[in-house]
Amino acid sequence: MNDDTNISRMLTDQLSRLLEASVDAPLLAKIEKGTAGSALNDAVAELGLDMALVPEDKDGAGLDWSDAAPLFEVLGYYAAPVDLGEQIIAQWALAQAGLPASDPAPAVALGLAKLSADGGLSGTVTIPWGSADRCVLVEAMQDDMRVLCLLDAAAMAASVPVSTVGRIPTRRLKLNGAAVQASGPLGAIGLGDVSALLRAAYIAGALSRALELTLDYCNTRTQFGRTIGKFQAVQQMVAQLASEAAAAKAGTQLGMTAMGSGNAGMQIAIAKQRASAAVAKSAAIAHEVHGAIGVTEEHILHYFTRRLWQWREEAGSEHVWAERLGREVIARGGAAAWPTMVGLSAR
Amino acid sequence: MFQPYRFSEIEMPPTEAALRAEVRAFLADWKDKWTPWEKGHSWNGFDREFSRAVGAKGWIGMTWPAEYGGGGFSMMERYVVIEEMLAAGAPVGAHWIADRQSGPLILKSGTDTQRQKYLPLITTGDASFCIGLSEPDSGSDLASVRTKAEKTADGYRINGRKIWTTNGHLSDYMIALVRTEGTAKDRHKGLSQVIVPMDAPGLNIRRIQDLTGEAHFNEITFDNVLVGADALIGEEGAGWAQATAELAFERSGPDRYMSAYPLFEMLVDYSQSLQDDRLSERKIGALFAEIAVLRQMSVSIATMLQDGILPNQEAAVVKDLGVTHEQNMPEVARAIIGGDFGQDTEGDLAEIQSAILQLAPTFSLRGGTREIIRGIMSKGLGL
Ligand SMILES: Cc1cc2nc3c(=O)[nH]c(=O)nc-3n(C[C@H](O)[C@H](O)[C@H](O)COP(=O)(O)OP(=O)(O)OC[C@H]3O[C@@H](n4cnc5c(N)ncnc54)[C@H](O)[C@@H]3O)c2cc1C
């Protein structure tokens, strides 16, 4: 085990302890209504984790993506009541684009804008956790170059709230030639790609929580004189949920590892495709096993299932990514598919 | 964070690229000989000549010690070779079972005499093994086997019946799970594993035709079959533990999700001919991601096995997801191709489709049914 893995474990433990102590259904409800205090945000900010992926020579922790992956999964496991994951990828992207880190980290917009020669942005983007007093990062195409654009908080004045299934405070911004505060070129892996990878890790974490909640309920709810987990029909469903959760996690691992070794485009596509694809069946099973209580407002399950339904769509659904991936695989041809497959994890 | 499964980082061997290139070059000389129907049979296909050629390359018993004909390769190197074979739809059936389970069992639990006798023959492709577990009244409930091996002065007298024995009619030996003590009521106790030559007097082979029109499996009757004391593998009474240990090896290999791979490859080419067809792009992309993730899990498990960890629960996950993926492939083919596809079995695509379609029901039966695997998983999760 190398030092980075140890550091990663330590940071993950810190974050887990904090979230374990503070996140419960009432807090999640307040956050969704936009009435939560900033106590948790402040506590998370104190951990300084937003710089996890920034190189050490730029004052970051210099972690690998695969070492940071557990942080993302933990956020999913607790239904991400803060946008720490987005902050981490924002700081990473700023460093990639040669821009200075921003304190606090900007929000991350979903969607690809267009940057014109005169420096104006056009297009419409969606900003989870966006607010009127916060900068935002937008990925844009400038001709055929991918650039990262930082917009100051003033640009957010034009944004409007948008309702989502996940109910995380989200805003939509129409960029009518908005002025860019700073910009820099991005490499082969853009903000949209890492946003997708982040969602894959969130999904993996949330699925493991949905599985855990389901197992707990199986072992406590009694019907016909037995805990429901003793019924074979229930066991068979739970096993399928477990398989899907495992697949989401393994796909995420493939994507995260590839980030450390050159072009991870295809692995990210696989990670997000598979994670998103795991959601439908998994959420359905978790609810089926929980019965009526699982769909009540008080029960914590829906915070996970609604976020799962949200995250599977954000930064590209399984269908969007499958289409891109399929186009690429088909273009290469049948004989190339296998070498491509094994090349995904080649050293 | 609740983490019921471990998937360690993949560590491919430094020899990976060279080894793949060598296997692909070897397969290039064979590939054109196989019909789509044969490629659809993958690891069921039995071709002794092919297995001998594989043996001559040193690719059977790769991880075994040199004194028994092995190549001293790592488990990951073996993994590379077998996944290349399956991707090509190679007929590995004549050496597959011995390479995957019979040989390793003899190596681990057999006597040195048994190792000397069988392992070198396996590595050259000259000894084929079949698996004698199932009986007419013992399928999933394997501990209820009745086939009896009674002690004689110098060995055992076997009476009973085994069934569904894949390629039993073509094999040289069977490793049979038999009762050396007690009755079916004693369950796991009193079970032992014995090696039986398939040409032993009193051993009768009846071929069983399956729905594809072929006869891959058999019913084997033992009528006072005599074997020496040296037929026993390991300890008397340890048969159950020996047969069920290390199931992770059997349940997580590429054979658990690659049975339909040759069809996938042909579907990619077919989709190319459609040009910018969004439906096929989505379907191919989803299949590709599914295979990539299954492979990620399977290779990760192989890495753990190499490190001495036995991830039986993770292996069950691979089998559960893997066979479902394989079984779904012909349905995806129908969606992509549409039209009159499937109304006859003419042409390469329709031919391989017909093989996999008809074999697909068995994917989730062999090696433990889907329901049994999910039962093992739910137990592992604490239900
Ligand atoms: C192509 C093929 C090749 C094979 N090759 C070999 C071989 O080489 N050697 C060998 O020994 N065997 C072989 N088998 C046999 C295979 O291992 C058995 O088919 C398998 O173990 C299931 O047993 P069964 O067919 O008797 O079904 P059964 O056990 O009778 O099961 C029938 C149905 O009942 C379900 N069921 C049974 N018990 C339970 C339970 N406790 N809970 C829930 N559901 C249950 C099963 O899941 C299944 O759906 C082969 C099978 C096939 C299809």
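The table below gives the values:
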read-out	value
Members of region A:65-92 found to be of a type in the set (Gly, Ala, Ser) and in a helix (DSSP H, G or I), listed by number	A:66, A:68, A:69, A:76, A:85, A:90
Residue check for residue B:371: of a type in the set (D, E, K, R), modelled with pLDDT of 95 or more, crowded, with 18+ Cβ neighbours inside 10 Å and within 16 Å of the ligand (Cβ to nearest atom)	no
3 or more residues open to solvent by 10 Å² or more (accessible area, probe 1.4 Å) and farther than 30 Å from residue B:305 by Cβ: qualifying strands (runs of 3 or more DSSP E) within region B:165-258	B:203-208, B:217-228
Criterion (open to solvent by 20 Å² or more (accessible area, probe 1.4 Å) and among the β-branched types (Val, Ile, Thr)) met by exactly one of A:82, A:138, A:162	A:162
Unmet criterion (only one of (1) within 21 Å of residue B:351 (Cα to Cα); (2) within 7 Å of chain A (Cβ to nearest Cβ)) for residue B:336	(2)
Residue list for region A:228-258, restricted to those being more than 22 Å from residue B:301 (Cβ to Cβ) and either within 16 Å of the ligand (Cβ to nearest atom) or not in a helix (DSSP H, G or I) (or both)	A:229, A:230, A:231, A:232, A:233, A:234, A:235, A:236, A:237
Qualifying residue in region B:252-263 (condition: more than 14 Å from chain A (Cβ to nearest Cβ) and aliphatic (A, V, I, L, M))	no
Residue A:271 more than 8 Å from every other protein chain (Cβ to nearest Cβ), open to solvent by less than 10 Å² (accessible area, probe 1.4 Å) and at pLDDT 95 or above	yes
Scope region B:60-100; condition open to solvent by 10 Å² or more (accessible area, probe 1.4 Å) and part of a loop (DSSP other than H, G, I, E, B); matching residues	B:63, B:65, B:69, B:70, B:71, B:72, B:73, B:74, B:91
Test: residue in region A:203-215 that is open to solvent by 30 Å² or more (accessible area, probe 1.4 Å), more than 26 Å from residue A:83 (Cα to Cα), of a type outside the set (A, V, I, L, M, F, W, C) and in contact with a Gly (Cβ under 9 Å, 6 or more places away or on another chain)	no
Subset tally (residues that are open to solvent by less than 10 Å² (accessible area, probe 1.4 Å) and either more than 7 Å from chain A (Cβ to nearest Cβ) or touching a Phe, Trp or Tyr at 6+ places or on another chain (Cβ under 7 Å) (or both)) for region B:265-279	1
Candidates B:17, B:28 - the one that is loosely packed, with under 15 Cβ neighbours inside 10 Å and within 14 Å of another protein chain (Cβ to nearest Cβ)	B:28
Given (1) surrounded by 21 or more Cβ atoms within 10 Å (Cβ to Cβ); (2) within 18 Å of the chain's Cα centre (by Cα); (3) not polar (S, T, N, Q), number of the condition residue A:97 does not satisfy	(2)
Number of positions in region B:152-163 that are crowded, with 20+ Cβ neighbours inside 10 Å, more than 14 Å from the ligand (Cβ to nearest atom) and not aromatic (Phe, Trp, Tyr)	1
Failed item, numbered, when residue A:208 is tested on (1) part of a loop (DSSP other than H, G, I, E, B); (2) at the interface with another protein chain (Cβ under 10 Å from one of its Cβ atoms)	(1)
Residues satisfying the stated conditions in region B:115-151, i.e. within 8 Å of the ligand (Cβ to nearest atom), out of contact with any strand residue (DSSP E or B) (no Cβ under 8 Å at 6 or more places or on another chain) and either polar (S, T, N, Q) or open to solvent by less than 10 Å² (accessible area, probe 1.4 Å) (or both)	B:138, B:140
Condition broken by residue A:261, with the remaining ones in (1) within 12 Å of chain B (Cβ to nearest Cβ); (2) in a helix (DSSP H, G or I); (3) surrounded by fewer than 20 Cβ atoms within 10 Å (Cβ to Cβ) satisfied	(2)
Unmet requirement for residue B:374, which otherwise passes all of (1) farther than 19 Å from residue B:301 by Cβ; (2) within 13 Å of another protein chain (Cβ to nearest Cβ); (3) charged (D, E, K, R)	(1)
Residues of region A:315-347 that turn out to be surrounded by fewer than 23 Cβ atoms within 10 Å (Cβ to Cβ) and either on the phi > 0 side of the Ramachandran plot or in contact with a strand residue (DSSP E or B) (Cβ under 8 Å, 6 or more places away or on another chain) (or both), as a count	1
Selection from region A:22-48 of residues that are among the hydroxyl-bearing types (Ser, Thr, Tyr) and open to solvent by 80 Å² or more (accessible area, probe 1.4 Å)	A:35
Any chance residue A:252 is more than 7 Å from chain B (Cβ to nearest Cβ), under 20 Å from the mean Cα position of the chain (by Cα) and under 23 Å from residue B:5 (Cβ atoms)	yes
Residue under evaluation residue A:315, criteria (1) among the small types (Gly, Ala, Ser); (2) more than 25 Å from residue B:281 (Cα to Cα); (3) away from chain B (no Cβ under 13 Å), criterion not met	(2)
Hits in region B:329-368 - residues which are more than 14 Å from the ligand (Cβ to nearest atom) and polar (S, T, N, Q)	B:343, B:345, B:353, B:354
Yes/no for residue A:19 being part of a helix (DSSP H, G or I) and crowded, with 19+ Cβ neighbours inside 10 Å	yes
Residue among A:305, A:340 that alone is in contact (Cβ under 8 Å) with a residue 40 or more places away in the chain and within 14 Å of chain B (Cβ to nearest Cβ)	A:340
Sole exception among (1) within 22 Å of residue B:57 (Cα to Cα); (2) among the small types (Gly, Ala, Ser); (3) away from the ligand (no atom under 16 Å from the Cβ) for residue B:102, by number	(3)
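The values are calculated or read from the model by the stated rules, or taken from the named source; none is laboratory data. Everything numeric here is computed off the predicted structure, so don't read it as measured data. In this analysis, Cβ positions are derived from the backbone assuming ideal geometry, glycine residues included, and neighbour counts consider all displayed protein chains. Ligands, DNA and RNA are stripped out before the accessible areas are found, and what is left, the full protein with its side chains, is counted by its heavy atoms. Shrake-Rupley method; radii C 1.70, N 1.55, O 1.52, S 1.80 Å.
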